[in-house]
Amino acid sequence: MGPRKKSVKTCLMNNEIPEEAVSDETKDYMNQLSHEVLCHIFRYLPLQDIMCMECLSRKLKEAVTLYLRVVRVVDLCAGRWWEYMPSGFTDSSFLTLLKKMPDVEQLYGLHPRYLERRRVRGHEAFSIPGVLEALQACPNLVGVETSHLELVESIWTYMPHVHILGKFRNRNGAFPIPPENKLKIPIGAKIQTLHLVVYHCDGDTNVYSKLMNMLGKTGVNVPEIPCIPMLRHLYMKWVRLTKPQPFKDFLCISLRTFVMRNCAGPTNSLKYVPLVTGLASARNLEHIEMVRVPFLGGLIQHVVEDSWRSGGFRNLHTIVLGACKNALEVDLGYLIITAARRLHEVRIQPSLTKDGVFSALKMAELEFPQFETLHLGYVDEFLLQSRMANADLVKYGLADVVENPGIITDIGMKAVNEVFSCIKYLAIYNCPHLHNPYNWISDHSRWTRLVDINLVRCHALKLDSFGQFIELLPSLEFISLDQMFREPPKGCARVGLSAGTGIGVSSALVSNQNSNNDNDNNAQNNANIHDNNHHHPDDSDEENDFRQDLQPGEQQFAADALNEMEDMVQEDGEVTAESGLETPARSQAAIPGDGDEEQAGPSGLQRVVKPTPITVHDSESDDEEDSLELQEVWIPKNGARRFSEREEKTGESVQSRELSVSGKGKTPLRKRYNSHQMGQSKQFPLEESSCEKGCQVTSEQIKADMKAARDIPEKKKNKDVYPSCSSTTASTVGNSSSHSTASQSPDFVRTVNSSGSSEPSPTEVDVSRQCVCSPGGSEDSEAMEEGDAESSVCPRCCCHRPQESQRRTSRCSDEERPSTSRACVVNGPDEVAKTKPRHAMKRKRTADKSTSTSDPVIEDDHVQVLVLKSKNLVGVTMTNCGITDLVLRDCPKMMFIHATRCRVLKHLKVENAPIVNRFDYAQCKKLNMDQVLDQILRMPPERNRIIYLRPMQQVDTLTLEQKLFSGPYPYHICIIHEFSNPPNVRNKVRIRSWMDTIANINQELIKYEFFPEATRSEDDLKKYPKYPWGREIYTLEGVVDGAPYSMISDFPWLRSLRAAEPNSFARYDFEDDEESTIYAPRRKGQLSADICMETIGEEISEMRQMKKGVFQRVVAIFIHYCDVNGEPVEDDYI
């Protein structure tokens, strides 16, 4: 064997590191790539990032230079056409950039935020001449995408060979159109899509409009529309055409889309003849939309007759006619007949929504194989949503158009489906002559393919007939009802009126609307008459939405005439002018009552003494009396003025003193607040109120009341202090809303039902004479005062006597707690509760002394039950509807119910709708929340369910949570109290993702891990009679965007998943910050039930050992408290 080779270890000197030890992470792979590969990578990067790489290394700089030399398509906005190009460019820097790109052919995203019109010597800026110089430095430039009016006009002038790429949308204006927004379009301009549109208008509050304004669409002054052979899509909305004959040379043979909506053009109808003939020459025209275009009546008919053989209007698939005041039925009919082969959608203005149109089409015996969408009574969205009247639009140059409701009847609707047998989407707006949808169905009109029906303001439609119609539609999936099935005004049944239809409008009822209120503080008849015939703006969303829909010519139709008069009757009045009383807002109710009871008497509509919930001021029925609540405390004039001035200075502090949950910073009550001592009530001299008497009037008192009403104007001249029984009654009830106070009076007894609402006992209703507090009280009432001298509460109206102070009970049980409270709850035991008087409001009456409605009548809300029975119905949406009860009789595929601002909607009954999982009730002020929640939670647990609520009255959170967690509901329950104001939807939209995750974990454990399943049988309820009722209940609180939220739940696993560290699956590739919500599963990487089960393995083992079961399904109840003060908060999301 030879000698073994000696191994030598190399000694590292000067901390040298061998090449093998160099980490892969420190290697510069980019510099090892070839220029060709780097240029290929640059194709997928924004230009801004590419230019940043130029300064990183020499090789990257060479690669960037090479890439710019060969690039042909450049996008300065990185594909986001709605954004602006990077700021910081000047004329010289932009020229330098484009000189580096000699081969560029298409330049996209040239959307500068601001451009100077001219260069200024010695001043570096970004100007139109500088941009043109840079563009001219690109010899191969073919097209530019821009949105700047003056820049595009300069390109057309100095570089006519350059095309305008994409869709031109200017971004620098509004309506009324600024005079500087001008665009002169040359003949033969190289442009394919021209959008001259405004969405930002004065008075327009629509969210979509605001979004479109962000995208930069504005109105423009255009002299004329010349011959543009390349033009394919022309959109003109809110454009002013300045030349006398703007369509003289109009000819766009390649046109496919033509939209002219609300443009200020010539008023002479003959000047639109070249426009229609030019459209006929566009053989590929697919979409024609003309709104408020005063073309000559019969013009389209004659043009179609001349051009249809050569292909004119033959390829139309969308026809829209709206507010074209001269349009005739033959114009619409000829267009529909000519385009029958490819027609998809037709929207018809109200004046053309007639039986005769469809009868004529039926006689033509045509087929419409591709037809899907029909909109009857079409009115432009802007006119529905803005507050601009027709006179304002005419002032800005638009055509003078007064829209009347469509006059189509049930006979015409039957013909609709006989003509369009394949119709899928039907929308009807303001057609008051439709009565029986059941009659729309015949042997030849089965509506077999109808998928979506949208009804708006068809007030005469019969509810039972509509339900029968829905049942016979085999393919119907979606129902949308807006301002439908309005509740009749109080007293209509007494005089034989058919409310909402205009049938039976008597002169007596008309005289009611114009009669002056004898109790009004304004003594001048002229002022009263003016107030009764003039609409004052109201803060109610429901009333505003309704009035915005009104067209100026609708008053002549009987259906809307009754509705108009009804609105005037029930509208909020103004603050009393003579007394000058300014009082702070009233405090808030605690728990709603179920029904509203009202009386019609000789002195107007009268209220039974009964606490009722705070309600939104609307004009839909006489239940505005409820919103006023008749609860006032009157003080002398000088004191009222001092008080109001102090309130104006400290408006915020007044609201902060209220204990109600009304905005940010409020959390649900976890304890019952003790009732505190009431201070001694001072009996101030009382001013005359505009409220009527609150006690029921018997027949023998009618003459006395009428005489007292006539005497009031004379007494006004000498005295300021004349209280009515109603105001004193309600204010005192508000001051002492406690069980002990009510129980002290033998004549004032309230029975509390199981739902927590109080009902007046017979003894209370029988109290008929005036209170001793009223100056007009009779001798009988004085005797009553002497007989009840020992009582501190008036038996007639519960007014406090000054000699005794009332003390509230220290604690109320669930059964004893009164349903409403008008007094602010005192923060300390020694403070005195102070009642906040509200503004004195003028009230108009629905009953007049000269009519049969003078008889005393107690009338509750008219019960209107919508019964839904449909095999394929998926969802129903109701807005401003007069439905009181919704019944899901047989809807096996129903998935959601949305109800918004349905004033009298109270109950839900689910008979067979197993998979409905989303319920949304927003601003339904009379909703019986306990009944609705009980009905939903009693459904078999076949789906997870989510319930969104925005109540308009106080919610007793403690009682609500007790009922839900202790009830026989086989679900895990989560109640989220959201206090953001204005409303924040961040938590709301996140709930569904993680609530389903919790349910999926439970189902996995029960199905595959043999985990015990929890139950809620009668035995379980008896086993756990006290908190926490056999559930693991916990509370989570936090803040989202500055507003607090609180969640009480028995969801298993949620706390552990919420506290877990993010895993390797954590994702941050989305813009919205999910981490600020209650639970962020994607931030944690908890993307599936399997991953979550790995995270909570220990907790699962502990639960198994304790033999605790879980439910397969969960229910999330999201309650938003921004509307609980009775005033609806404006919200763009509902």
**Report entry** Accessible area, probe 1.4 Å, largest first, for residues Trp82, Trp238
**Finding:** Trp82, Trp238
Query raised in the report: Which net charge results for the neighbourhood of Leu110, defined as the other residues with beta-carbon distances under 10 angstrom from its beta-carbon, given Lys and Arg at +1 and Asp and Glu at -1?
Result: -2
Report task. Count charges around Gly278 for me, please; just the other residues with Cβ under 15 Å from its Cβ, Lys/Arg as +1, Asp/Glu as -1. Result -> +2
Report summary line: Per-residue accessible area, 1.4 Å probe, largest first, puts Thr959, Thr242 in the order Thr242, Thr959
Report task. Past 23 Å, Cα to Cα, is the threshold; run Lys1007/Lys1084; Lys1023/Lys1107; Lys424/Lys925; Lys871/Lys963 against it and keep the listed order. Result -> Lys1007/Lys1084; Lys424/Lys925; Lys871/Lys963
Query raised in the report: At what distance in angstrom do the alpha carbon centres of the range 412-445 and the range 148-164 lie from each other?
Result: 50 Å
Query raised in the report: Give me the log10 of I(q) over I(0) for the range 328-464 at q = 0.15, 0.20 Å⁻¹, as the Debye formula computes it from C-alpha points; what are the numbers?
Result: -0.75, -1.23
Report summary line: Log10 I(q)/I(0) at q = 0.13, 0.14, 0.22 Å⁻¹ for the range 329-404, from Debye over equal alpha-carbon scatterers, is -0.51, -0.58, -1.01
Report task. Using a cut-off of 14 Å between beta-carbons, work out the net charge of the residues near Met290 (Lys and Arg +1, Asp and Glu -1, Met290 not included). Result -> +2
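Let me check against my output: what whole-number percent is the relative contact order of the range 313-356, with C-alpha pairs under 8 Å and at least 6 apart?
Numbers: 46 pairs, mean separation 25.2, N = 44.
It rounds to 57 percent for the range 313-356.
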Query raised in the report: Given a Förster distance of 22 angstrom, what is the FRET efficiency for Gln48 paired with Val142, based on the Cβ-Cβ distance and rounded to 0.05?
Result: 0.40
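Any chance you could tell me what percent of the C-alpha pair distances in the range 89-163 go past 21 Å?
Result for the distance tail: 18 percent.
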Query - Two-site label geometry, Glu1130 and Asn454: point separation in nm, points 7 Å out along Cα→Cβ - result: 2.3 nm
Requested in this report: Provide, for the range 234-364, the number of lysine pairs with alpha carbons under 18 Å apart, each pair being eight or more places apart or on different chains.
Outcome: 6
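The values are calculated or read from the model by the stated rules, or taken from the named source; none is laboratory data. If you're wondering where the values come from, they're calculated on a predicted model, not measured in any experiment. With ideal geometry, Cβ positions are generated from the backbone for all residues, glycine too; neighbour counts draw on all protein chains shown. Heads up: the accessible areas ignore ligands, DNA and RNA and are worked out on the full protein's heavy atoms, side chains in. Shrake-Rupley method; radii C 1.70, N 1.55, O 1.52, S 1.80 Å.
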